[in-house]
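Enquirer: Below is a structure I'd like to ask you about.
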Amino acid sequence: MSGKATPEGWRRGDPVAIPGSYQYDALVAGPAVQRFWHRRKLELVSALVPLRAGMRALDVGCGSGVVAHFLAGQGAEVDAVDANEGAIRFARARFERGNLRFHLTAANEMAFADGSFDLIVCLEVIEHLPAAQVAALLGLLGRLLAAEGALLVSTPNGASLWPVIERLMDLFGLSPPMRGEQHITRFTRGRLVQALGAAGLDVRRSGRFCGVAPFLAGVSWRLAERLDTLEHRVGQPLGNLLYALAGKTPRP
């Protein structure tokens, strides 16, 4: 999908081509570091959110459908949206489930009723949007969330080694170009919490993940898992990704 904006100025995609199967390939067939990295995101969802059969879930910026498929596999009723036509085409062909629906649409054009979802996941999406659109998107997701629902957001950690990693990946062509092409807004933990609060959301938990451990996976997967457990115990001080779990702000 091209990076051109809608008449309202909404960025509909990145100015570089992202293969529709990108996230799926990274999880199942990428280098060990990449596979470990993407698996940790699924583990994060499972660890932070009590998944249950029949819960209503929305995956915003679903890419090739890996997370949506995971949620549907836990029995959730899942809607997943993305503006990348190739990604939606791939996801529909690869993941066929009666409780999983993929929609080709920009986030600001979603046609769901307010309060529709018990769980919304928005993983590594907001860094692709200008700050004003991030604010608008978080506000929209807050409206779509049920009263007792949970919103899980993740994004690269601008206060970690991530900017260096991003430059190296761009330099060696290990992914579609990111700096200034895909990723245009940077977050720290404080800025992420502030953005959610400004959207009227109550941050229940926030943190970092994917520190040094994924980079050991190419040497030893077991060693990477052990280090990840240790990093988790000490609060992931070197975590290259941020997460925040939020809900509707309680009424006074």
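The values are calculated or read from the model by the stated rules, or taken from the named source; none is laboratory data. Bear in mind the structure is a predicted one, so any value in this text is a computation, not a measurement. Please note: Cβ atoms are built from the backbone with ideal geometry, for glycine as well, and neighbour counts cover all protein chains shown. Side chains included, ligands, DNA and RNA excluded: accessible areas come from the protein's heavy atoms. Shrake-Rupley method; radii C 1.70, N 1.55, O 1.52, S 1.80 Å.
Enquirer: Working only within segment 29-65, note down all residues that are of a type in the set (Gly, Ala, Ser) and open to solvent by less than 10 Å² (accessible area, probe 1.4 Å). Break it down stepwise before answering.
Expert: Filtering segment 29-65 for residues of a type in the set (Gly, Ala, Ser) gives 29-30, 32, 46-47, 53-54, 57, 61, 63-65.
Of everything in segment 29-65, those that are of a type in the set (Gly, Ala, Ser) and open to solvent by less than 10 Å² (accessible area, probe 1.4 Å) turn out to be Ala57, Gly63, Ser64, Gly65.
Enquirer: Do you know which residues across segment 44-101 are closer than 15 Å to Val121 by Cβ, in a helix (DSSP H, G or I) and of a type in the set (Asp, Glu)?
Expert: Correct list: empty.
Enquirer: To continue, here is another question. Please find, within segment 202-232, the residue that is least open to solvent (accessible area, probe 1.4 Å) out of those that are farther than 26 Å from Gly190 by Cβ and assigned to a loop (DSSP other than H, G, I, E, B).
Expert: The extreme case among them is Ala217.
Enquirer: Taking the conditions exactly as written (buried (at least 21 other Cβ atoms within 10 Å of the Cβ) and on the phi > 0 side of the Ramachandran plot), does Gly75 satisfy them or not?
Expert: Details: buried (at least 21 other Cβ atoms within 10 Å of the Cβ): no; on the phi > 0 side of the Ramachandran plot: yes.
Answer is no for this residue.
Enquirer: Between Ala150, Ala87, Ala76, which is within 21 Å of Leu196 (Cβ to Cβ) and among the small types (Gly, Ala, Ser)?
Expert: Numbers: Ala87 fails: within 21 Å of Leu196 (Cβ to Cβ); Ala76 fails: within 21 Å of Leu196 (Cβ to Cβ).
Within the list Ala150, Ala87, Ala76, the selection yields Ala150.
Enquirer: Okay, moving on. What number of residues within segment 233-252 are surrounded by 18 or more Cβ atoms within 10 Å (Cβ to Cβ) and out of contact with any Lys or Arg (no Cβ under 8 Å at 6 or more places or on another chain)?
Expert: 1
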